Amino acid sequence: MSRVLVTGATGFIGRILVPALAAAGYDVRAAVRQKPAPFASPVEVAAQGDLAAHVDWRPLMADVDFVVHLAGIAHTGSRFAKVRYDRVNHLATAALAEAARQARVKRVVFVSTIRAQSGPRSDYILTEDDAPRPTDPYGRSKLAAEMALARSGADCTVLRPVLVYGPGVKGNLRALVRLAALPVPLPFGAFTNLRSVLSVHNLVAAITHVLRHAASSGQTYVVADLKPLSLADIVTALRAGLGKAPRLLATPPGLIRVGLAMLGRSSSWDQLNGQLVVDPDKLIAAGWRPDPDTTSGLAAMARE
């Protein structure tokens, strides 16, 4: 039986990935910051150090065949954000890669982000062939981690998921669910810009797929559900999951932009009105088979 080390195992993705890997027949070592962890036997729970400090990955690598590296940070309000992103997302990953090489791990699957490739919007459909152009410290730290993995000599596969949704999601999507639950019309009917999103279950299927297939060695894949949706589509799906009619007003997006500026939220504009579509055909051609029903997945998330 192959043993898989999953870092960041109690995060949004890890909580779904760990039992899925166990059900698929892997011996799973779940690395967590704090115990107890929500995993039943036979999952082995192991302590993971603070990635902002020095982490000795070697004990976690003992008798491990594969590593799925999820641990990192996506948001920090600290004025030292650039330094913290680099320490946690880049340097800790570089140390993990070296430990994996020394332990002769068969493959490291690094769950990076589309932000390592692009800013929050793109005027063209993104593929793996596009040169990475991250626009913020978070994206640059993830790209630096990818490059460190490539230099390490460890066998690795990089996944660049778009915005991930599913049970227990936090951040902007959770805020959008709360907004959709309000008993009032919402001013998003005129937002027709398309965005790719990704079910956490489809991401777990992608991780499991590249673990199993030797041809994924050394590859980078963008990962997204098959059909991009507009903001209006997303809110309609969320409200359907809550048993509500869409009730979307065709408010001119320019008025929303002015309102955001008045509230000091101009940085949210690209996330609302920006287009960001990726083409996951490379991973599909490699054999990944995602669930195509994004609308039902968003509705189910709203009901949780």
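The values are calculated or read from the model by the stated rules, or taken from the named source; none is laboratory data. Just so it is clear, the structure is predicted and the values come from calculations on it, not from any experiment. Positions of Cβ are backbone-derived with ideal geometry, glycine not excepted, and every protein chain shown enters the neighbour counts.
Computed quantities for the displayed model
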| read-out | value |
| --- | --- |
| Out of Arg115, Arg121, Arg151, Arg140, sole residue that is in contact with a helix residue (DSSP H, G or I) (Cβ under 9 Å, 6 or more places away or on another chain) and exposed (fewer than 14 other Cβ atoms within 10 Å of the Cβ) | Arg151 |
| Odd one out for Leu242 among (1) buried (at least 17 other Cβ atoms within 10 Å of the Cβ); (2) under 22 Å from Gly297 (Cβ atoms); (3) at pLDDT 80 or above | (1) |
| Candidate set from the stretch 36-82 (those that are acidic (Asp, Glu) and over 24 Å from Ala23 (Cβ atoms)); member that is nearest to the chain's Cα centre (by Cα) | Asp50 |
| Candidates Val68, Val88, Val45, Val64 - the one that is in a strand (DSSP E or B) and touching a residue at least 40 places away in the same chain (Cβ under 8 Å) | Val68 |
| Listing of helices (runs of 4 or more DSSP H) fully contained in the stretch 152-256 that carry 1 or more residues being under 20 Å from Ala71 (Cα atoms) | 171-180, 200-212 |
| Checking Ala299 against (1) at pLDDT below 95; (2) out of contact with any Phe, Trp or Tyr (no Cβ under 8 Å at 6 or more places or on another chain); (3) within 20 Å of Val235 (Cβ to Cβ); (4) not hydroxyl-bearing (Ser, Thr, Tyr), the condition it does not meet | (1) |
| Residues that are touching a residue at least 24 places away in the same chain (Cβ under 8 Å) and out of contact with any strand residue (DSSP E or B) (no Cβ under 9 Å at 6 or more places or on another chain), drawn from the stretch 228-250 | Leu238, Ala240, Gly241, Leu242, Lys244, Ala250 |
| Matching option when the condition is in contact with a Lys or Arg (Cβ under 8 Å, 6 or more places away or on another chain), aliphatic (A, V, I, L, M) and farther than 30 Å from Arg289 by Cβ, among Ala245, Ala250 | Ala245 |
| Flag if Gly218 is in contact with a Cys (Cβ under 8 Å, 6 or more places away or on another chain) and modelled with pLDDT of 95 or more | yes |
| The stretch 261-304: number of residues that are farther than 19 Å from Val177 by Cβ and aliphatic (A, V, I, L, M) | 10 |
| Residue in the stretch 97-109 that is surrounded by the fewest Cβ atoms within 10 Å (Cβ to Cβ), counting only those that are out of contact with any Ser or Thr (no Cβ under 7 Å at 6 or more places or on another chain) and on the phi < 0 side of the Ramachandran plot | Gln102 |
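Matching residues to (1) modelled with pLDDT of 95 or more; (2) assigned to a loop (DSSP other than H, G, I, E, B); (3) more than 23 Å from the chain's Cα centre (by Cα); (4) under 25 Å from Ala214 (Cβ atoms):
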{"position": "Ala22", "(1), (2), (3), (4)": "yes, no, no, yes"}
{"position": "Arg29", "(1), (2), (3), (4)": "yes, no, no, yes"}
{"position": "Gln34", "(1), (2), (3), (4)": "no, yes, no, no"}
{"position": "Arg84", "(1), (2), (3), (4)": "no, no, no, no"}
{"position": "Ala92", "(1), (2), (3), (4)": "yes, no, no, no"}
